[in-house]
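Q: I am attaching a structure below and will ask some questions about it afterwards.
Rule-based calculations on the coordinates, nothing more; no lab input. No experiment lies behind these values; they were computed from the predicted model shown. Note: ideal-geometry Cβ built from the backbone for every residue, glycine included; neighbour counts use all protein chains shown.
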Amino acid sequence: MSSINVIGIDHIYVSVTDMRRAEKFYDAVMKLLDFRKGAMPIGGDEHLHYFNRVTQYSIRPARVEQKHDPYQSGLHHLCFRVENNQQVDAVADGLSQLDIQCSKPQFYPEYADDYYAVFFEDPDGIRLEVVALRKGRRLITDAWDRLTEFENSMAKAGLV
């Protein structure tokens, strides 16, 4: 059997309690992140689709209206990656200009010594993050063919 090569996350679907409120939020955030917007109902339900070159983020009406709890089963948070720390800073500045509360962009050494990110939430409490491309991700990309083990492949390849 040939190797399967997943090249990215194609799309993420999020159910929202209030489409108009969510649309206002996501229109502003996704425009800031240089996504484009499309509207295409599916199965008679309104759907909004935000997309860039590699990822689509879609919203649809929730069937049950309750605030998202990231500590129940399901999605904890979603993280978008940008090229560098300056872009994380630009996202944080843009969010502040949109009156969207966010964390201060900063390093999170508990994740990695170069983990630089900003965190915020959508109106339903879905946690979102923007992180700068890290050396660990670059290392994985550059050394992919050496990572032949399923478990602890970085360590077994002598990279960490």
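Q: Between I12 and residues 5 or more places away or on another chain, which pairs have amide H atoms under 5 Å apart, with H built 1.01 Å from N, and which residues are they?
A: Q56, Y57, S58
Q: How big is the dipole moment of the range 1-155 about its Cα centre under a simple scheme where the beta carbon of each Lys and Arg is +1, that of each Asp and Glu is -1, and everything else is neutral? Debye, nearest 20, please.
A: Values: 18 positive and 24 negative charges, 60 e Å.
With only Lys, Arg, Asp and Glu charged at Cβ, the dipole is about 280 debye.
Q: Taking 0.36 nm per intervening residue step and subtracting the Cα-Cα distance, what contour gain separates A28 from H77 on full extension? Show your work: numbers first, answer last.
A: On the way: separation 49, 0.36 × 49 = 17.64 nm, distance 1.90 nm.
Going from the current span to full extension adds 15.7 nm.
Q: Please compute the contact order of the range 13-160 in relative form: average sequence separation of alpha-carbon pairs under 8 Å and at least six residues apart, divided by the residue count, as a percent.
A: Numbers: 216 pairs, mean separation 29.2, N = 148.
Computed value for the range 13-160: 20 percent relative contact order.
Q: Amide H of E121: which non-local residues (sequence gap of 5 or more, or other chain) have their own amide H closer than 5 Å, using H built in the peptide plane?
A: Those qualifying (amide H under 5 Å, at least 5 residues apart or on another chain) are L128.
Q: When a/c reaches 1.5 or more, the comparison of a/b and b/c decides; with that in mind, is the range 47-141 rounded, prolate or oblate per its Cα gyration tensor? List each step's numbers first, then the result.
A: Values: a/c = 1.62, a/b = 1.56, b/c = 1.04.
Verdict is prolate for the range 47-141.
Q: Also, I was wondering about something else. Where Rh is the Kirkwood radius over the Cα pairs of the chain, the temperature 37 °C and the viscosity 0.692 mPa s, what D in µm²/s does Stokes-Einstein return? Spell out each step's value before the answer.
A: Numbers: Rh = 17.7 Å.
After rounding, the answer is 186 µm²/s.
Q: Out of residues 5 or more away from L133 or on other chains, whose amide H comes under 5 Å of its own, with H placed 1.01 Å from N in the peptide plane?
A: The list, which skips near neighbours in sequence, is V82, E83, N84.
Q: Continuing with the same structure: Restricting to the chain, what percent of DSSP beta bridges are antiparallel, rounded to 5?
A: Around 60 percent of the beta bridges assigned by DSSP in the chain are antiparallel ones.
Q: Working from Cα positions, state the angle (0 to 90°, nearest 10) between the long axis of helix 19-32 and the longest principal axis of the chain.
A: Between helix and principal axis, roughly 40 degrees.
Q: If you take every residue apart from Q87 with its C-beta less than 12 Å away from the C-beta of Q87, what net charge results, scoring Lys and Arg +1 and Asp and Glu -1? Mind showing how you got there, number by number?
A: Numbers: positive: R81; negative: D34, E83, D89, D93.
Summing Lys/Arg as +1 and Asp/Glu as -1 gives -3.
Q: Which order do the peptides 114-121, 41-48 take when ranked by the mean count of other beta-carbon atoms within 10 Å per residue, highest first? Don't skip to the end; give the middle numbers.
A: Numbers: 114-121: 19.4, 41-48: 11.5.
The most tightly packed comes first, giving 114-121, 41-48.
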